[in-house]
Structure formats: structure tokens, C-alpha cells
1. Filter the stretch 246-271 down to residues that are aliphatic (A, V, I, L, M) and outside any helix (DSSP H, G or I) and give me whichever is surrounded by the most Cβ atoms within 10 Å (Cβ to Cβ).
2. Of all residues in the stretch 24-40, which are at negative phi, touching a residue at least 40 places away in the same chain (Cβ under 8 Å) and surrounded by fewer than 22 Cβ atoms within 10 Å (Cβ to Cβ)?
3. Would you mind telling me which numbered condition in (1) over 19 Å from Leu284 (Cβ atoms); (2) under 20 Å from the mean Cα position of the chain (by Cα); (3) not hydrophobic (A, V, I, L, M, F, W, C) Arg228 fails?
4. Please name all residue pairs, on different chains or six or more residues apart, with Cβ atoms under 8 Å, provided the first residue is in the stretch 141-157 and is under 15 Å from Val110 (Cα atoms) and the second residue is in a loop (DSSP other than H, G, I, E, B) and of a type in the set (D, E, K, R).
5. Restricting to the stretch 272-283, count the residues that are of a type in the set (S, T, N, Q) and buried (at least 22 other Cβ atoms within 10 Å of the Cβ).
6. For the stretch 19-44, how many residues meet the condition of being among the polar types (S, T, N, Q), over 17 Å from Gly286 (Cβ atoms) and outside any loop (DSSP other than H, G, I, E, B)?
7. Filter the stretch 246-264 down to the residues that are touching a residue at least 40 places away in the same chain (Cβ under 8 Å) and touching a Gly at 6+ places or on another chain (Cβ under 9 Å) and list them by number.
8. Answer yes or no: is there a residue in the stretch 45-63 that is within 21 Å of Leu276 (Cα to Cα), free of Cβ contacts under 8 Å to residues at least 24 places away in the same chain and not in a helix (DSSP H, G or I).
Amino acid sequence: MTGQPDQTDLKAAEQLQATYRRMTDQLGRVIFGQNEVLKQVLIALFSQGHCVLEGVPGLAKTLMISSIAQLLSLNYRRIQFTPDLMPSDIIGTEILDEEEGTGRRRMRFVKGPIFGNVILGDEINRTPPKTQAALLQAMQEAQVTIAGETFVLEKPFFVLGTQNPIEQEGTYPLPEAQLDRFMFKIHVEYPSFEEELAIAEATTSTGLPTLEPLLTRDEILALQQVVRKVLVGRSVSSYAVQLARATRPRSADAPDFVKKYLTWGAGPRACQALLLGAKANALLDGRVHVSTEDIRYVAKPVMRHRLVTSFSAESDGVTTDHIVEKLFEAIREPLDR
């Protein structure tokens, strides 16, 4: 059941909208363009989700993530995924330690880079599945287990993976089970001419400006709770569930083009991501209620990595984004939206 926002929550919503504007202005000093990417990353953060960012090299994916961590006063950790990376390189490992004075030896756990707030998994598809799976428990439960002992990760805990869409050799595509744990898959596109000109001029002159923190850790945690109290009407919730169910080829709700172009559809996590993402989007726009436009805004980043296309789709050049657009046409919006 969705909670009712009180006056404190309304003030928090206003604070979030104001902070979002300030973050956009601050990041505009180091990142040129990519405003939609920034918004979608923040939606995932305030929804307590995780993201995969896909784009060719040189589009400032890493710089954007590290800059966001600075603005939010969060502990940032970067993991460069390589074919020889081991799970212990991510989670940590036990070492034999000798106590001073007594000479006693004991095992001591040395924490890995997963013990941070913002975790960047750079080129996450360049490491084998064994190492990729080291992130699974952390992403789902915000804790890790080593030698039978469980360590709780500090919140907020936010994982962002990056992928290069044009590099196939030496890569290990993420399995569907792990992709489903990412709330969004965000496409990072080439900048416009004006943006690329600004990038070329700014990065070949003086150094990057210093960014000042805008939110504390406690404020972020409070705003994550406010997101869950944003109002969602039953008709809007039903619209989100209809979108997800319509992607399942074996479902009676699936249109003919879904049965032709998809072999697998979105699961229940997609419904959760649609509603939470829509709530956060509404807050960033200064509203405390969700509309179908909010659902539509987050539908592509929520769906694109959860839908498995068929051979017919590949041969006809149909992408998952195309299918989501066709679903908007096929599924009628509620009148009381």
C-alpha cells in the first residue's frame, strides 16, 4: 500500500527538486549534455535501484558517476573489470594476521571495494560469470557473506555498471538473472555538435572545476523513503502492470507483434521498477503523485534489458525500445490518469 506524504515529505520533495536543479547546474561545469542520463541515474539512486550504462568509450560515463558521488557526499569505489579479476578482488579476502605482543595468529577479513556507497563496475561484461556473480548478493540484499559470516553494506548502496556496445571479443554478457537486478539500462548517446565543441574546448584548456557536496548521506536515505510515499492511483499501477504483462509472448495479454518479436518478457521486478522509477521521476518534477507519463518516461530503461528478442526481431531490425513504443500504442491509457 502506498503511504500518504505529510508536510515533512512535501518539503523533502521540494528539496529534492531544488537539489536536482543545482546538481544539473554543477555537473554542467564538467559534463556537457547528458541531462537525461543524469536524471535517470538519480531516479535509480533515489529508488534504491542499480543501473547499467551502455555507450561507446569517451562519453564521460566514469566522470559522471564519480562527479555524482562527489555531489552527494558518498563513498565512491571504482572496480575495473578484467578477465583475470577474482570474486575476492571485489568482496575482500581473509588474511592470516599476527597480534602484536601476544604473537597469536588469527584470520582477519580485509574488505574489498564493494564496501562503499557508489560502486562503479567499469566494463562489467569483461569479467567471467564467476566474478560477475560476486555482485549478486550485494545488489539484491545489500550484504555479503564471507566464510559463513555476513557483513551488512552501508546504505545508500548504489551499483553502476558500464558496457561498451561495440566490443564483443573477450566479453562475457551478463546473464538475464543478473541483468534483472539492475533497475535501469541507460543508453549514453553521442553528444550534439555544440556539446562536443564545448567538450573539446573545455578539456584542452584548464583543469576541471571542484564540485561542492549538495546532499548528506542521511538526507539521501530520508529522500529514498519519501519516494516510496509518493501517491500512485490504482489505474496508473494497473497501467504499469499491463505494460509488463504485455511483453510476455505466452501471455493472453500479449499483442501479436510481441509474440513475433520476443522470446521472453519482463518479470515482476519490472513492475516494481516502473512504479518506483515513476515515483522518483514525479518528485524530480516537483509532484507527489504519479501519472502515466511518468510510467512511460521510465519504461524504456526499465524494459530494454529485460526483454529477449527473437531471430525475427533481429532480421527486421526491431529493438526492445521499438517494442516498448509499440506497446504505448497498443495499451490504452486510463482516463483518470
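The values are calculated or read from the model by the stated rules, or taken from the named source; none is laboratory data. All figures in this text were calculated on a predicted structure; none of them were measured in a lab. Reconstructed Cβ throughout: ideal geometry from the backbone, glycine too, with neighbour counts over all protein chains shown.
1. Our first condition is that a residue be aliphatic (A, V, I, L, M); within the stretch 246-271, this holds for 246, 252, 254, 258, 262, 266, 270.
Of the ones still in play, those that are also outside any helix (DSSP H, G or I) are 246, 252, 254, 262, 266.
On the way: Ala246: 20, Ala252: 6, Ala254: 19, Leu262: 22, Ala266: 27.
Among residues in the stretch 246-271 that are aliphatic (A, V, I, L, M) and outside any helix (DSSP H, G or I), the one surrounded by the most Cβ atoms within 10 Å (Cβ to Cβ) is Ala266.
2. Kept after step one, since they are at negative phi, are these residues of the stretch 24-40: 24-32, 35-40.
Narrowing the set further to residues that are touching a residue at least 40 places away in the same chain (Cβ under 8 Å) leaves 26-27, 29-30, 32, 37, 39-40.
Once the filter is applied, which keeps residues that are at negative phi, touching a residue at least 40 places away in the same chain (Cβ under 8 Å) and surrounded by fewer than 22 Cβ atoms within 10 Å (Cβ to Cβ), the stretch 24-40 yields Gln26, Leu27, Arg29, Val30, Phe32, Lys39.
3. With (1) over 19 Å from Leu284 (Cβ atoms); (2) under 20 Å from the mean Cα position of the chain (by Cα); (3) not hydrophobic (A, V, I, L, M, F, W, C) applied to Arg228, the lone miss is (1).
4. none
5. 1
6. 2
7. Of everything in the stretch 246-264, those that are touching a residue at least 40 places away in the same chain (Cβ under 8 Å) and touching a Gly at 6+ places or on another chain (Cβ under 9 Å) turn out to be Ala246, Thr247, Val258.
8. No; the residues of the stretch 45-63 include none that is within 21 Å of Leu276 (Cα to Cα), free of Cβ contacts under 8 Å to residues at least 24 places away in the same chain and not in a helix (DSSP H, G or I).
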